[in-house]
Amino acid sequence: MELNRLCLAVIMIINVVVLIQGWRCHGCLEEERVALLQIKDAFSYPNGSFPHSWGRDANCCEWKQVQCNSTTLRVVKIDLSFSRGWELGDWLLNASLFLPFPELNALNLYGNRIAGCLENEGFERLSVLGNLEILQLGQNKFNSSIFSSLGGLSSLKNLSLHNNEIKGTISVEGLNNLTNLRNLHIASNHIEGFKSLHGGEDEVLKMSNLEYLDLGGNRFDNSILSSFKGLSSLKNLGLEKNHLKGTFNMKELEALSNLRKLYLSGNEIDEFVFSERIRGFGNLSRVRLFNITANGRRISLPLLQSLAKLPNLKTLDLGNNNFEGTILAQALPSLKNLHKLDLSSSTLDNSSLQTIGRITTLTSLKMNGCRLSGSIPIAEGLCELKHLQSLDISNNSLTGVLPNCLANLTSLKQIDLSSNHFGGDISSSPLITLTSIQELRLSDNNFQIPISLRSFSNHSELKFFFGYNNEICAELEEHNLIPKFQLQRLHLSGQAYGGALPFPKFLFYQHNLREIYFSNMRMRGGVPNWLLENNTNLHELFLVNNSLSGPFQLPIHPHVSLSQLDISDNHLDSHIPTEIGAYFPSLTFLSMSKNHFNGIIPSSFGYMSSLLVLDLSENNISGKLPSCFSSLPLVHVYLSQNKLQGSLEDAFHKSFELITLDLSHNQLTGNISEWIGEFSHMSYLLLGYNNLEGRIPNQLCKLDKLSFIDLSHNKFSGHILPCLRFRSSIWYSNLRIYPDRYLIREPLEITTKSVSYSYPISILNIMSGMDLSCNNLTGEIPPEIGNLNHIHVLNLSNNFLIGPIPQTFSNLSEVESLDLSNNSLTGAIPPGLVQLHSLAFFSVAHNNLSGRTPPNMIPQFSTFNESSYEGNPLLCGPPLSRHCTTQEEEASSLPKRTSTDDIEESGFMDTDVFYVSFVVTYIMMLLVTAAILYINPNWRRAWFYFIKQSINNCYYFFVDNLHMPSWLEVRNLLCRYF
């Protein structure tokens with residue numbers, strides 16, 4: 001009986017599990033799936049940046065930026081950040097779109113340029129969503145009216161409205177209704193204060209559960225302090241970058257008994273004033289006063305001395321201030337209880353390295369970027385801080401060897417000496433005695449660092465070692481010591497001394513590595529696959545420019561943790577391993593560029609389901625582009641300078657997230673497919689130096705985020721598209737608000753000024769342009785091209801373009817390189833081009849232009865020599881040797897005609913040119929006719945029969961009309977030969 005019951009229970013459990021699994025397999029609820037598609041339509045109109053996964057799968061819980069409850073399968077989180085193009089302008093939101101999600105807990109609408117809500121469709125409609133706790137509305141265009149519509153969302157715990165257009169004095173009623181609010185961010189607006197409809201004490205904020213309040217980047221003055229009395233639970237208060245000046249009245253904050261951190265950077269505070277009996281600040285442990293000495297001010301001594309009245313102040317941030325003189329030395333004794341002091345990026349006297357030793361309680365000190373020079377003092381100063389655990393003196397101009405007294409800092413766990421001019425053998429420095437060190441940063445100095453790290457073999461706590469740009473040397477004797485440390489991050493690069501360096505043997509004993517960066521070192525052998533086998537948690541492996549050779553060998557077992565692999569700029573050869581995708585399935589970044597790889601691209605790349613960046617450029621890879629690329633979430637692809645063949649048809653047709661596609665310098669054929677218009681994020685499209693043909697597709701006009709397009713050195717025909725668009729470089733000033741995936745990751749080779757340059761990332765982020773040179777393009781240059789006033793490079797040379805140079809080219813205010821040479825352009829050079837003050841390269845050589853060249857007294861045009869204008873026989877004026885006639889001078893000053901006028905009305909033609917062209921054409925026709933008759937006997941007989949008949953007709957005409965029988969003799973004579 002018991003056995004039967006047990007079996008019955010097991011069967012019931014199995015049935016329940018099967019039902020649940022079946023329900024889950026069905027996906028999310030239908031009404032919520034439909035509602036999400038309606039949201040997509042609303043945000044995408046007329047052209048949004050929605051993830052393409054929305055709508056492809058019936059299960060909306062699998063869609064990007066959507067999260068569901070694992071039990072109920074209802075949507076609990078929707079992330080719509082940056083889902084609508086910023087360039088589309090302001091728009092109004094229908095908040096009712098989110099009503100079908102009763103379990104919605106978090107809603108992110110960041111960065112969509114929302115200017116408000118439709119009438120009667122505001123956020124007050126969401127008051128029925130009792131689970132909504134997180135609402136992110138930052139980086140939009142909301143104004144102060146937003147607070148009244150938010151007052152009904154009583155369940156909210158986190159609200160962000162930073163970077164909007166909230167101005168003036170705002171009402172506290174809506175905010176005070178948010179009784180459960182814990183975090184409120186309304187920074188970077190234009191708020192001046194708080195008010196109440198009732199006035200008086202009602203103007204006080206009364207959110208009793210609020211713990212974090214960020215009001216930075218507004219226009220509050222000192223009167224704002226009285227508004228905080230009702231925030232009894234407040235722990236963090238941010239008032240950075242406001243209009244607080246002079247005396248800061250701490251008496252107004254005494255009611256904030258839980259206050260722990262106070263952020264006041266970017267104001268002009270001179271002193272803190274307390275009541276006679278300091279109350280309410282027993283928990284205040286951190287004060288941040290970065291950049292309070294702007295406009296030539298110096299930090300005041302009373303300010304620093306008044307801070308000493310805070311009984312539990314442990315952390316003081318005074319970075320980016322002016323401490324000229326002895327102010328710091330005078331104030332230091334009163335700050336004797338500090339544990340953490342940040343003076344980074346401040347103006348300090350060199351004596352500060354000595355006087356800082358008076359705060360013996362310090363455990364953390366930052367003096368990076370303080371313009372310190374000379375050597376570290378041997379006595380007193382830093383060496384007296386025996387409790388110091390973290391020291392940062394990077395980005396200064398300190399020199400010499402490290403003083404031996406640093407060995408006294410036995411508590412040090414983190415030390416950053418990078419970006420100075422320190423030197424000497426690191427093996428003989430005091431650092432080798434500091435066995436408590438966990439993190440050691442020595443980059444950008446002149447240290448001699450043995451690649452074996454033998455001197456640190458006893459540092460059992462060492463986990464992070466950074467030695468970029470030093471002198472890396474090999475030891476005369478190789479040692480097999482087993483180090484006591486287990487590194488997690490190891491960075492080494494620099495000039496190698498003592499011949500080719502061996503791969504360090506201590507790495508054989510490392511099993512916890514997360515990152516390895518070896519670059520610019522001359523090393524022996526190939527890529528050590530044992531390094532991957534021994535460190536199963538390795539996330540990033542960068543072995544760049546190390547002279548590694550041989551084939552790239554895979555580890556014995558797949559490595560599922562590796563996310564970034566860079567083995568570029570070495571001497572690796574043979575083919576790319578066939579199973580590379582199966583062995584590195586978690587890669588997001590892969591660079592194998594600048595090697596000697598050959599063969600085809602393996603189809604196993606399709607297993608790298610998270611791959612965002614792929615760089616295989618500058619190899620000898622051949623074959624066709626694999627179709628597996630379409631299944632990957634690729635964002636940046638670099639395959640230039642290989643031997644790839646075939647078409648683009650199937651390679652990237654579903655790679656809708658692409659931002660960079662560089663396929664230049666290959667042997668690709670066919671047309672540009674129409675699916676190119678679906679790449680809504682495309683910024684860099686480089687297809688130059690291939691064998692592509694056909695017309696430039698109109699779908700390119702859909703790419704509204706283009707920065708650079710290169711279609712040069714192909715066989716494209718047809719007209720130039722007038723509808724091409726390029727985004728403004730102003731867009732890049734807001735890159736900080738965009739996800740990291742939008743940032744370009746690798747340099748690009750771009751031709752400007754007739755020379756190919758490899759542009760670094762920093763330049764690419766502010767550069768735009770178009771290169772259509774060396775094709776078979778015809779027709780006139782569309783005047784709309786002149787409205788692309790943000791581009792820096794425009795190259796239309798070596799085509800078959802006709803007509804005039806558009807007058808609109810004078811609008812290309814940021815253009816630096818303009819090449820229109822080797823076409824058939826006519827008319828005069830537009831005088832408006834002299835307004836292009838950024839122009840550094842200019843060529844209209846080998847066209848049919850006429851009139852006068854631009855005046856050479858214009859600064860930028862005075863630098864262009866004769867080669868910029870040669871091959872235009874009708875051009876005159878400097879720097880050409882041909883002088884302008886009076887008529888040409890007058891013609892150049894006449895109003896310019898349209899292209900139609902030039903074609904229909906222009907009657908000017910050089911007489912000599914006409915006669916020469918006529919004679920040459922006549923002779924060529926005779927020679928061609930004779931050649932045809934000689935080659936083809938049928939045509940020759942027909943031609944002579946035609947001549948014979950014509951002569952007979954002419955003879956009888958003259959006989960009948962002129963009575964001249966003497967022509968008979970002529971006829972008989974001609975018939976004898978024909």
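The values are calculated or read from the model by the stated rules, or taken from the named source; none is laboratory data. Since the structure is predicted, the reported quantities are computational estimates derived from the model, not experimental observations. FYI the Cβ positions are ideal-geometry reconstructions off the backbone, even for glycines, and counts take in every protein chain you see. Surface accessibility is based on the protein's heavy atoms, side chains included, excluding ligands, DNA and RNA. Shrake-Rupley method; radii C 1.70, N 1.55, O 1.52, S 1.80 Å.
For the chain, the longest principal axis of the alpha carbon atoms and the long axis of helix 2-26 meet at an angle near 50°. Each part gets one Cα centre, and for the range 270-306 versus the range 412-468 those centres are 37 Å apart. Sorted into 10 angstrom bins from 0, the C-alpha pair distances of the range 596-688 split as 17, 55, 27, 1 percent.
Over 23 Å between Cα atoms, which of Lys261/Lys463; Lys157/Lys366; Lys157/Lys340; Lys251/Lys309 qualify? Beyond 23 Å between Cα atoms: Lys261/Lys463; Lys157/Lys366; Lys157/Lys340. Among the GluC sites (Glu not before Pro) found in the range 526-633, those both in a DSSP coil and sparsely packed, with 16 or fewer other Cβ atoms within 10 Å of their Cβ, are Glu579.
Give the distance, in whole Å, between the Cα centre of the range 821-867 and the Cα centre of the range 216-240. The range 821-867 and the range 216-240 have Cα centres spaced 60 Å from each other.
Taking every alpha-carbon pair under 8 Å whose residues sit at least 6 apart, the chain reaches a relative contact order of 3 percent.
Taking every alpha-carbon pair under 8 Å whose residues sit at least 6 apart, the range 372-436 reaches a relative contact order of 37 percent. Its relative contact order, with pairs defined as Cα atoms under 8 Å and 6+ residues apart, puts the range 224-322 at 26 percent. Listed by chain and number, the lysines whose alpha-carbon sits under 27 Å from that of Lys643, ignoring those within fewer than 8 places in the same chain, are Lys594, Lys624, Lys654, Lys715, Lys753. Of all the Cα-Cα pairs you can form in the range 566-614, what percent are over 12 Å apart? Tail of P(r) above 12 Å: 63 percent of Cα pairs. Counting only lysines at least 8 places from Lys167 when in the same chain, those with an alpha carbon closer than 18 Å to its own are Lys141, Lys195, Lys241. Computed over protein heavy atoms with a 1.4 Å probe, the carbon and sulfur contribution to the accessible area of the chain reaches 52%. Expressed per residue, the C-alpha convex hull volume of the chain stands at 324 Å³.
Just so you know, the Cα atoms of the range 81-237 work out to an Rg and Dmax of 15.1, 45 Å.
Quick check for you: with a 1.4 Å probe and neighbouring chains kept, what is the accessible area per residue of the range 115-198, in Å²?
40 Å²
Of all beta bridges that DSSP places with both ends in the chain, some 5 percent have antiparallel geometry.
Over the range 101-147, the alpha carbon radius of gyration divided by the compact-protein estimate 2.2 N^0.38 Å works out to 1.16.
Taking only protein heavy atoms into account and a 1.4 Å probe, give the accessible area per residue of the range 231-315 in Å².
44 Å²
What does the charge count around His719 come to, taking other residues whose C-beta lies under 14 Å from its C-beta (Lys +1, Arg +1, Asp -1, Glu -1)? Result for the neighbourhood of His719: -1.
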